[in-house]
1. What does the convex hull of the alpha-carbon atoms of region 237-451 project to on average, in nm²?
2. How far apart, in nm, are two points set 7 Å out from the Cα along the Cα-to-Cβ line at Arg216 and at Ala98?
3. For a quick check: sort His102, His14 by the number of other beta carbons within 10 angstrom, fewest at the front.
4. Determine the dipole magnitude for the chain: charges of +1 sit on the beta-carbon of Lys and Arg, -1 on that of Asp and Glu, nothing else is charged, the reference point is the Cα centre, and the result goes in debye to the nearest 20.
5. For region 237-451, what is the percent of antiparallel DSSP beta bridges, rounded to the nearest 5?
6. If you average the sequence gap of Cα pairs under 8 Å that are 6 or more apart and divide by the length of region 237-451, what percent do you get for the contact order?
7. Dividing the alpha-carbon radius of gyration of the chain by 2.2 N^0.38 Å (N being the number of residues), what value is obtained?
8. Need one number: nm distance between label points at Leu90 and Arg29, each 7 Å from Cα along Cα→Cβ, rounded to one decimal.
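We did not get these values from a lab; they are worked out from the coordinates using the rules stated. Since this is a predicted model, take the numbers as computed values, not measurements. Using ideal geometry, Cβ is built from the backbone for each residue, glycine included, and neighbour counts are taken over all protein chains shown.
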Amino acid sequence: MPDTPAASALPLDHGTLQLAALRALALARQRGASGADAEASASVGQSVTVRLGEVETVEYNRDKALTISVYFGQRRGNASTSDLSDASILRTVDAACAIARHTAPDDAAGLPEAELLYRGEAPDLDLFHPWGLAVEQAIAIAREAEDAARSVDARITNSEGATVSSWDSDFVFVNSLGFVGGFPSSRASIGCGVIATQGDAMQRDYWYSSERDAARLESAVAVGRRAGQRAVRRLGARRVATAEVPVLFEASVAGSLIGHFVSAASGSSLYRRSSFLLDAAGTPVFSDIVDLDEDPFLRGGMGSGWFDAEGVATRARRVVEGGMLGGYFLSTYSARKLGLSTTGNAGGSHNLALRPGSLDFDALVRTMGRGLVVTELMGQGVNPVTGDYSRGAVGFWVEGGEIRYPVEEVTIAGNLRDMFRGIAAVGSDVLVRGARSTGSILVDRMTVAGD
């Protein structure tokens, strides 16, 4: 079993959370609910920001919550509270029951099938590593990151600040089918952003590192230096003429393409018929070089867990193989709406990893020959129904297989169907951002709109 956080670290200990969730469940049964689930959680966090060497903000949170969902047949009601006293839990259950009684029946509503719930010993996924930083220590680390960024080049004249954050949480989820589960987790991060100046022109950029275990973070100096270097290299940026060229999404932004895929392949988009991937299972949606794996059991992963938000057992799988879509991301509700089975993805996807290729970033640049390297994206111009894609971008122009100069104020446009099928290469420069892991992605052709 994973370690349980000390009572002094969080507002409530694991046992108290379990008792609160089970009490809510018992009250729902007493009020005649045919089914119910409840989650009790507690978290504590700290965030410190330093700007130009001075402490700008110190934030501290200490939270607890309980959420209860009840079913009267196929009528569902939901309510939550941040007060876990007996009286408040009773009021919350009564509120959920009242909502359910006034809600129209929904054929897809209800708890998962009992045989799909996780049973057995809970594996240790290495998710809980409290950092235990004092505020003074966090300030010192933030200053170290910012100092490293500002010392990269004399042209770095201002700072957006450096932030050091830590967060610990614990939860217990229960339902009336006998499921009881939960586990503690941690997250730590160091981030820094700075501004470089050349004449009247200014450019900014940033870098960050985030891990379950602070011991695995990039050092504050490394984060700061990377932020400073990225800002300086953007100086002298210009626009380019409109053209149709290959586009190389740097690893730091390539994960956004995977995010668009997950959104389109998720049950809520599919049953609402608001996805360009309708009826796409078993068909080629990416180029044949693309393999995408989902691994809920990755040790220390941001998306790890042996059950989903409904208690359904998760499983490792290959979502895309040779470009073919093997399956969707479904909860119990969305699966029923589609006439399918849940994939254990209530609450989202788990640790998606795009299989890397053999080319590093420089080799990808040589391969593309002429085109645009994208290092940052702006705007939300993505139509999930049609797949049309149009976003502001900054990056670097490539000629003769070499980066020539930085680029700004351009728009890249295409359609996600064509972009996915047009992936020409995936880099070996793998970067993990949240629960997604990918190298840089080279798309064979997009419209770059500039002058």
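1. Details: hull surface 44.5 nm².
Here the figure is 11.1 nm², rounded to one decimal.
2. 4.6
3. Working: His102 9, His14 19.
Neighbour counts put them in this order, fewest first: His102, His14.
4. On the way: 43 positive and 54 negative charges, 171 e Å.
Here the size comes out at about 820 debye.
5. Numbers: 44 of 51 bridges.
Close to 85 percent.
6. 31
7. Details: Rg = 24.2 Å, N = 451, 2.2 N^0.38 = 22.4 Å.
Against the compact-globule rule of thumb, the ratio is 1.08.
8. 1.9
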